[in-house]
Amino acid sequence: MRFTAIILALAACVNAFTIVFENKCSYTVWPAVGKAPEGVPDRSVAWGARVDPGKSASFGVDDYALGIRAWGRTGCDANGANCATGACVGGLVCTDAGLQNNAIVSEYGYGDYGQWGGKRCSWNLSHVNLAINLNTKLSSSDGQSVLCRAGNCPVDQAFDVTDRYSAVRNSALGQTYTHTFCA
Ligand SMILES: *[C@@H]1O[C@H](CO)[C@@H](O)[C@H](O)[C@H]1NC(C)=O
């Protein structure tokens, strides 16, 4: 029984990537994760948490998932609802993947690059039609990172329009991504 549990735990590890939310702000931030491949919300991936200054929280996502979006909410009420920025439909856990959140997002999606790299995770920061509500850094455990601050967000760091691909990054499956608020 114990042996089976260990095998299952290992299997879960090798098939997932992790998003760590690190709060460097002087105020509480409520991170959220949702899934909306092709812009259609899929509630099978939905998570939210409260992260006080200096703290962090993490969430695991299947390596083969598409359309994963993660962002930070500020000024929420005691239930993690009615946020001033980054608000979604739902409360602490969003039911709409935050598609109307008007907040910078980190995005992740599985891709098979075949002979050009095999199975990878494609990831980016994006503020296409969105406010940069939090200065945000996104780094992967393989050493790559991008940084977008309000007033200083170069186009090779975060998408500002959908077809400017200089902001795209990709990594091997199973990485840990650190999404830092107030970077
Ligand atoms: C960012 O990456 C995600 C996941 O790979 C992808 O779905 C999305 O289209 C990318 N963002 C932009 C603006 O292209």
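Amide H contacts for Ala103 (H built 1.01 Å from N in the peptide plane; partners 5 or more residues away or on another chain; cut-off under 5 Å): Ala131. Among Val45, Val29, Val105, determine the one that fluctuates most according to a GNM of the chain built with springs between C-alpha atoms less than 10 Å apart. For the chain, modelled as a Gaussian network with Cα springs under 10 Å, the answer is Val45. In summary, the lysines within cross-link reach of Lys137, defined as a Cα separation below 20 angstrom excluding same-chain residues under 8 places away, comprise Lys24, Lys55. Here the Karplus curve 6.51 cos²θ - 1.76 cosθ + 1.60, taken at θ = phi - 60°, turns the phi angles of the stretch 174-182 into couplings of x, 6, 10, 9, 9, 9, 9, 8, 6 Hz, with x standing for Gly and Pro.
The helix-only estimate of mean residue ellipticity at 222 nm for the chain, built from DSSP H runs of length n ≥ 4 each weighted as -39500 (n - 2.57), is -2500 deg cm²/dmol after division by the residue total. Toward the positive end of the charge dipole of the stretch 29-183, with +1 on the Cβ of Lys and Arg and -1 on the Cβ of Asp and Glu, the farthest Cα among Ser171, Gly151, Val33 is that of Gly151. Sequence-ordered 3J(HN,Hα) estimates for the stretch 74-81 from the Karplus curve with 6.51, -1.76 and 1.60 and θ = phi - 60° stand at 10, x, 7, 7, 4, 9, x, 10 Hz, glycine and proline given as x.
Among Tyr177, Tyr64, Tyr165, Tyr110, a tally of other beta-carbon atoms within 10 Å of each Cβ gives an order, fewest to most, of Tyr165, Tyr64, Tyr110, Tyr177. Values of log10 I(q)/I(0) for the chain across q = 0.11, 0.14, 0.16 Å⁻¹ run -0.45, -0.73, -0.95, by the Debye formula with one identical scatterer at each alpha carbon and no solvent. FRET efficiency for the Val20 to Val161 pair, using the beta carbon distance and R₀ = 25 Å, is estimated at 0.30. Spatial offset of the stretch 105-183 relative to the stretch 13-90 amounts to 15 Å, using the alpha carbon center of each. Take the Cα of Ser58, step 7 Å along the line toward its Cβ, and report every residue of the stretch 21-42 whose backbone nitrogen sits under 17 Å from that point. Only 21-24, 31-33 fall inside the zone, counting backbone N under 17 Å.
Read-outs: derived from the displayed coordinates by stated rules, not from any lab. Bear in mind that the values here come from a model prediction, so they are computed numbers and not experimental data. Every residue, glycine as well, gets a Cβ built from its backbone with ideal geometry; the counts of neighbours run over all protein chains shown.
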